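In what follows, a single structure is set out as C-alpha cells and then discussed.
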Amino acid sequence: MLPSPPVANSQVVGVGNAIVDVIGQVDDSAIDEWGLNKGAMTLIDEPRAEELTSLMLGGLKESGGSAANTMVGVASFGSSAAYIGKVRDDTLGAVFIEDLRAAGVAYDVAPAASGPATARCLIQVTPDGQRTMNTFLGASSVLTVDDVDESLVAGATVLYCEGYLWDLEEAKAAIRHAMDIARANGVTASLTLSDSFAVDRHKEEWLTLIADRVDLLFGNIDEARSLLDTDDDAAVVEGLRSLTETACITRGRQGSMIVTPSEVIDVPVVEVDKRIDTTGAGDLYAAGVLAGLAQGIDLARAGAMGSCAAAEIITHIGARPRQPLQTFCG
C-alpha cells in the first residue's frame with residue numbers, strides 16, 4: 001500500500017462518504033427496465049447493490065464519493081488535500097485507500113474492522129450525459145466524531161463537507177463537530193448540497209446548519225431553488241445572501257454564479273466538443289473553487305478554475321481528472 005502524503009499542512013480537508021464507484025454507459029431503456037430514478041441519487045440496501053452490480057459487470061471501478069472526488073481535484077490543481085471518510089478493512093476498502101493516496105490526497109482514517117462492507121455507488125450514464133446514481137452506504141455509515149482529526153481540521157484553510165453524508169445520524173454529529181473545530185480556528189467551513197432529493201430530505205436541518213456554521217455553500221440552481229422554496233432566481237440570490245457569506249451555484253450550460261453580500265459574479269462555462277458524462281462535474285467545479293481559494297486567488301478566478309475543472313471531467317467517463325488540472329487549466 002502506498003504511504004499517505006503528509007497531512008500537517010493540508011489546505012483543504014474534505015469529509016464525506018468513502019465509496020467505490022462502478023460506472024457504466026447504458027441506454028434509457030435500461031433505466032426503465034432496472035427501475036431506476038433517472039438523474040437522481042437513490043440510497044439502496046446491500047441486496048439491491050448486489051443486484052445492480054451483477055447488471056454492470058463491465059463497469060469502470062474506481063474509488064469515489066463526492067467529497068473524495070473533490071479532494072482529488074484539489075490535489076490535481078497542486079493544492080494540498082486531505083480526506084476524512086470510512087471504509088471497511090476489505091478488498092474494496094484497500095483499493096479506495098490506495099487510489100486516494102496515489103492521487104495525492106492524505107487519508108489516515110482507520111478502516112472499520114467489522115460491520116458492513118465498503119460502500120459503493122453504481123452509476124448509469126445515459127447517451128444524454130446524465131448520470132443516475134444508486135448508492136449503498138455500507139461502511140461509510142459508521143463515520144463518527146472520533147474519526148475527525150481535530151488537528152487536521154484546525155490546520156486547514158478550508159473544510160469541505162458532503163451533503164450526502166447527512167443521511168446518517170452519527171455522520172451528522174461528525175460534520176457538526178468538524179465545522180465547530182473550523183469555526184474555532186478561523187477555518188472556512190463549506191457544505192455542498194449534493195442533490196435536490198437530499199435537499200428535500202434535510203431542508204429544515206440544513207437551513208439551520210448553513211445559517212449557524214457554513215461560510216461557503218456549493219450547489220446547483222435546482223438545489224438552491226429547492227432549499228429556498230422558490231423558482232425565482234432573484235429570490236434565490238437574496239435568500240442565499242441571508243443564509244451564508246458566499247454561495248457558488250452552478251447553472252449547467254449557463255455557467256455558474258458566485259453570490260456574496262455585495263455582488264453576483266457570473267462565471268461562464270468552458271465549452272467542450274462533446275459532453276460524454278456529467279458525473280462529478282459539480283464535484284470538480286467545487287475542487288477548482290476550493291483550490292483557488294486555498295491558493296489565495298480571488299472568487300472570480302477561483303470560479304473560472306471550477307468551470308475549467310468541470311469541463312475536463314465531462315469529456316470522459318468517470319469522476320476523476322484524466323490529466324493534471326494544473327496543466328489543463330493553465
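Computed from the coordinates by the stated procedures, all read-outs in this text should not be read as laboratory data. Only a predicted model underlies this, so the values are computations on that prediction, with no experimental measurement involved. A quick note on method: Cβ atoms are made from the backbone with ideal geometry, for glycine too, and the neighbour counts reach across all protein chains shown.
With pairing defined as another cysteine C-beta under 4.7 Å, the cysteines of the chain that fail it are C121, C161, C248. Comparing region 237-330 with the 2.2 N^0.38 Å rule of thumb, its C-alpha radius of gyration ratio is 1.06 (two decimals). Listing S79, S29 from fewest to most neighbouring C-beta atoms within 10 Å gives S29, S79. Take every Cα-Cα pair in region 114-222 and report what % of them are more than 17 Å apart. Counting pairs separated by more than 17 Å, the tail of P(r) holds 59 percent. Residues M179, M41, M71, M305, ranked from the fewest to the most other C-beta atoms within 10 Å, line up as M41, M179, M305, M71. Among the DSSP beta bridges whose two residues both lie in the chain, what percent are antiparallel, rounded to the nearest 5? Of those bridges, close to 35 percent are antiparallel. Taking label positions 7 Å along the Cα-Cβ direction at both A211 and A113, the computed distance is 4.4 nm, reported to one decimal.
When the Cα centres of region 316-330 and region 9-31 are compared, how far apart do they sit, in Å? With region 316-330 and region 9-31 each reduced to a Cα centre, they are spaced 15 Å. Work out, in µm²/s and without decimals, the Stokes-Einstein translational diffusion coefficient of the chain at 37 °C, 0.692 mPa s, Rh from Kirkwood over C-alpha pairs. For the chosen part, D equals 169 µm²/s.
Of the Cα atoms belonging to region 193-291, the radius of gyration and Dmax stand at 13.3, 42 Å.
One quarter of the surface of the convex hull around the alpha-carbon atoms of region 25-181 equals 9.6 nm², the direction-averaged projected area.
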